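In what follows, a single structure is set out as structure tokens and then discussed.
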Amino acid sequence: MAIKIFIDQGHNPRNPNAGAEGNGYYEQDITYEVGRQLAELLQADPNFEVRLSRNSPDEILGTSVASSLRARTDAANAWGADYFISIHANASTIESASGSEGFAYSRASEGYVLGEDILLWLNRATGLANRGMNVRPSLWVLRKTAMPAVLIELGFITNPSDAERMANDPGAFATGIYNGILAYFGFLNR
């Protein structure tokens, strides 16, 4: 039986719920492309079934921030996904802030463990620092999913080097996440 992975490409191409901007790049464009490439890797692997929250770069989910978030979790819950991975790009007023980090509902959740593997392999694939996993039960996509969920911040769109890497080499980020998923399920040695 294939493992069902729901990939949420964070944010919409425009409001409601557009993402961060930095260095001439838009979070929603980066998350769309990384998610699309990750889905291709998962679809080519018979161990997995995959669905995306956004199936085209201009698809808009919901009519408000709340309904956009609800559309993502409702789709994953209705499909009966086994795992939910939400992809984002971070932002900071500190331009030097750099690296990948993740969030889970609780430290005891399987989403936290999955996130640790994803961050390890993102670091190996991209060279960006592993800033570690954090607990954030207030995040909608972690609270309202019926399955283990993790939110991954690929890098900082406000950091010129991180932003350029995310925009120009989305395949490295998709590969890092994919390898982290494989490691989590024991299909790839740590």
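Gyration tensor over the Cα atoms of the stretch 45-99: the corresponding equivalent ellipsoid has semi-axes (square roots of 5 times the eigenvalues, largest first) of 25, 18, 11 Å. A dipole drawn for the stretch 14-76 from +1 and -1 charges on Cβ atoms has a positive end, and of Pro46, Ala71, Thr31 the residue lying farthest that way is Ala71. Couplings for the stretch 154-161, taken from phi via the Karplus curve 6.51 cos²θ - 1.76 cosθ + 1.60 with θ = phi - 60°, read 4, x, 9, 5, 8, 9, x, 5 Hz in order; Gly and Pro are left as x. Once Rh for the stretch 95-190 is found with the Kirkwood sum over Cα pairs, what is the Stokes-Einstein diffusion coefficient at 37 °C and 0.692 mPa s, in µm²/s? Rounded to a whole number, D works out at 245 µm²/s. Can you pull the percent of the stretch 61-129's accessible area that's carbon plus sulfur, 1.4 Å probe, other chains left in place? Its accessible area is 54 percent carbon and sulfur atoms. Treating the Cα atoms of the chain as identical point scatterers in vacuum, please give the log10 of the normalised Debye intensity I(q)/I(0) at q = 0.09, 0.16, 0.18 Å⁻¹, two decimals. One equal scatterer on each Cα of the chain leads to -0.27, -0.93, -1.21. Computed with a 1.4 Å probe over protein heavy atoms only, the accessible surface of the stretch 104-184 comes to 38 Å² per residue. Could you tell me the calculated FRET efficiency between Ala66 and Asp169, based on Cβ-Cβ distance and R0 = 25 angstrom, to the nearest 0.05? About 0.15, to the nearest 0.05. Applying 0.36 nm per residue to the separation of Arg124 and Ala78 and subtracting their alpha-carbon distance, the gain on full extension is 13.2 nm.
The values are calculated or read from the model by the stated rules, or taken from the named source; none is laboratory data. Bear in mind that the values here come from a model prediction, so they are computed numbers and not experimental data. Neighbour counts run over all protein chains shown; Cβ positions are idealised from the backbone, glycine included. Protein only, heavy atoms only, side chains kept; ligands, DNA and RNA dropped before computing areas. Shrake-Rupley method; radii C 1.70, N 1.55, O 1.52, S 1.80 Å.
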